[in-house]
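The values are calculated or read from the model by the stated rules, or taken from the named source; none is laboratory data. Note that this is a predicted model, so its numbers are computed, not measured. Positions of Cβ are generated from backbone atoms using ideal geometry, with glycine treated the same way; all protein chains shown enter the neighbour counts.
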Amino acid sequence: MPDIAAVAQLLADPTRARMLNLLMDGQAQTATELALAGGVLPSTASSHLTRLTDAGLLTIARQGRHRYFRIAGPEVAAAIEGLMNIAPNVRPLRFGPRDEAMRRARVCYDHLAGEMGVRLFDSLRRKKLVAGEEPLALTRAGEAWCERVGIDLDVLRANRRRVCRQCLDWSQRRAHLAGSLGEAILDRLFALRYARREADSRTVILTPRGETFIDRLELA
């Protein structure tokens, strides 16, 4: 029987929760950066990171003398995003500009989330490029669309993770697209310069062409 309580205890600590939130953009961070995010000394952060790594929630990448921490995989990221959906709001109902930008478009581990992520998923469904609930599947029309917009289907299918998966968006309370297809679409938006990451943030800034692509699913 899975020990849910042990994982819940790890996530219940505010310091560890802040560290994991920082890592939800899919990028790796050093222990020093995570200590700043958690608001603790490096020695304290090291203890927290060891516990998260031992539990399989984080992995470590080494480059020279440096160690970088990142979320262990999409399943862990999905669990964290799921908790965001049921967590109480600790901020006033009226968010500031930075929060509004995050609600509009952000990176959720490796795919697009927020209002624009939900709109993208709606467009894919409306054009019948994806179908079903869970499991969600790429249709034949969707396969042809991938080829038109420059997404390599062989790469998607070679990945051990699911091609399409719904992810409940914590700010919109509706589903956006995850899985290897969700990752590929976001990568394509960046490659086409239809979107860019805001520095040191999960926020995604879409160009007018990017917004048009999300609505029409056609290259400009």
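Checking each residue in segment 116-151 for being modelled with pLDDT of 95 or more and farther than 26 Å from Arg104 by Cα picks out Thr139, Arg140, Ala141, Glu143, Ala144, Glu147, Arg148. All conditions in (1) within 19 Å of the chain's Cα centre (by Cα); (2) exposed (fewer than 11 other Cβ atoms within 10 Å of the Cβ); (3) modelled with pLDDT of 90 or more hold for Arg160, with the sole exception of (3). Selection of first residues in segment 1-20 that are of a type in the set (D, E, K, R) and of second residues that are modelled with pLDDT of 90 or more, restricted to Cβ pairs under 8 Å at least 6 apart or on distinct chains, gives the following pairs, ordered by first then second residue: Asp13/His48; Arg16/His48; Arg16/Arg51; Arg16/Leu52. I'd like the full set of residues that are in contact with a strand residue (DSSP E or B) (Cβ under 9 Å, 6 or more places away or on another chain), in a helix (DSSP H, G or I) and not β-branched (Val, Ile, Thr), limited to segment 185-208. If the condition is that a residue be in contact with a strand residue (DSSP E or B) (Cβ under 9 Å, 6 or more places away or on another chain), in a helix (DSSP H, G or I) and not β-branched (Val, Ile, Thr), then Leu186, Leu189, Phe190 are the ones that fit.
Pairing residues of segment 50-67 that are closer than 17 Å to Ile4 by Cα with residues that are exposed (fewer than 11 other Cβ atoms within 10 Å of the Cβ), at Cβ distances under 9 Å and at least 6 apart in sequence or on separate chains, gives Ala55/Ala6.
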